[in-house]
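Below you'll find the structure I mean.
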Amino acid sequence: MPTRMRPRRADELIGGNLYWIVKHRLVGFNPIVRIEDRNDGRIDIVCSAELVAVVPKHRRAHQGWRYLSESDAPGLDDDGTGLAELPSRLYGRLAALALV
């Protein structure tokens, strides 16, 4: 994934995760493998091809980098609400109605 600016804490990102927010829901992540400089001055954040789905969690949309602490990072395990078992399409409709 190319970006214009090198993240300030780039060294900390390697081995971490790049999280995906879709329609105000954090839905998954890709492990970050390395960061490479490009010839055109941009930076490539090289991620694993594996997309790991997580229990959906509401997050506001934002631009730029956000570093998640361990407590803010989504877990892979169900949180006891049963939301992880809902089909993604149904979850999306319920979220659009502000019911989840």
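Please check the chain for the longest run free of trypsin sites (Lys or Arg not before Pro) that are loop-located per DSSP (anything but H, G, I, E, B) and have at most 11 other Cβ atoms within 10 Å.
67-100
Among all stretches of the chain without exposed GluC sites (Glu not before Pro) (DSSP loop, at most 10 other Cβ atoms within 10 Å), which one is longest?
Counting at most 10 other Cβ atoms within 10 Å as exposed, the longest clean stretch of the chain is 1-49.
Further question on the same structure: How large is the helix-only mean residue ellipticity at 222 nm for the chain, computed as the sum of -39500 (n - 2.57) over DSSP H runs with n ≥ 4, divided by its residue count, in deg cm²/dmol to the nearest 500?
-3000 deg cm²/dmol
Can you work out the Karplus-derived ³J(HN,Hα) for every residue in region 2-15? Use 6.51 cos²θ - 1.76 cosθ + 1.60 with θ = phi - 60°, whole Hz, and x for glycine or proline.
x, 9, 6, 10, 6, x, 4, 10, 4, 4, 6, 6, 5, x
Let me ask something else. Along the principal axes of its C-alpha atoms, what lengths does region 9-63 span, in descending order and rounded to whole Å?
Projected onto the principal axes, the Cα atoms of region 9-63 cover 36, 22, 19 Å.
With a cut-off of 12 Å, note down the residues of region 25-60 whose backbone N falls inside the zone around a label point 7 Å from the Cα of residue 72 toward its beta carbon.
Correct set: 59-60.
Over all pairs of distinct alpha carbons, what does the Kirkwood formula give as the hydrodynamic radius of the chain, in Å?
Taking every pair of different Cα atoms in the chain, averaging 1/r and inverting gives 15.0 Å.
Every number here is computed from the coordinates shown, using simple stated rules; none is lab data. Note that this is a predicted model, so its numbers are computed, not measured. So basically every Cβ, Gly included, is an ideal-geometry build from the backbone, and we count neighbours across all protein chains shown.
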